[in-house]
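Nothing in this text is a laboratory measurement; each read-out follows from the coordinates by a stated rule. Worth saying up front: this structure is predicted, and the values here are computed from it rather than measured. Note that we place each Cβ from the backbone using ideal geometry, even for glycine, and neighbour counts take in every protein chain shown.
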């Protein structure tokens, strides 16, 4: 299974990175769910929901931790707004490789779920340099994409929706 194509506005991506940068403060992980619409061929991100908005203490440790009540809030919000979780994103201190915890505990344990990891606590540039993309295959197995492969899997559009 190849990675689904993610599409989002350049401004939304930059806003997300700025939030992750602020929330982590250069010293801890931060993250969010990417919300929008999805089909078999395309996942269009229209909004993001930071983990700390679901659970105030989600970032209290050196890693992200969400409880069952947070997921109940997430599903209620998605249902009310007619949105789907199209991916999740979180930061790591150095590189964008998955930790053992990331591999063993997918945020959404459904085949095809996309997880993005932004290196350096999102302190870098505005593009996808160094970002890792992981697609859940089930049974704690993932396919991974990085480097120039990311540019083929994530499309940024201008505010009007044009590439």
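Per-residue ellipticity at 222 nm from helix content only, as computed over the chain with -39500 (n - 2.57) for each DSSP H run of at least four residues, stands at -7500 deg cm²/dmol. Modelled this way, with points 7 Å down the Cα-to-C-beta line, the labels at residue 151 and residue 78 are 3.2 nm from one another. Give me the Kirkwood hydrodynamic radius of the range 1-97, using the inverse of the mean 1/r over all pairs of distinct Cα atoms, in Å to one decimal. The Cα-based Kirkwood calculation yields 14.1 Å. Which residue fluctuates most in the GNM of the chain (Cα springs below 10 Å): 79, 147, 95? Most flexible of the set in this elastic network: 79. (i) -0.56, -1.45; (ii) -0.47, -1.34; (iii) -0.53, -1.20: which one is log10 I(q)/I(0) by the Debye sum over Cα atoms at q = 0.12, 0.19 Å⁻¹ as calculated from this entry? Read-out taken from this structure: (ii). Per the Cα gyration tensor, the range 86-163 maps to an equivalent ellipsoid with semi-axes of 22, 16, 10 Å, ordered largest to smallest.
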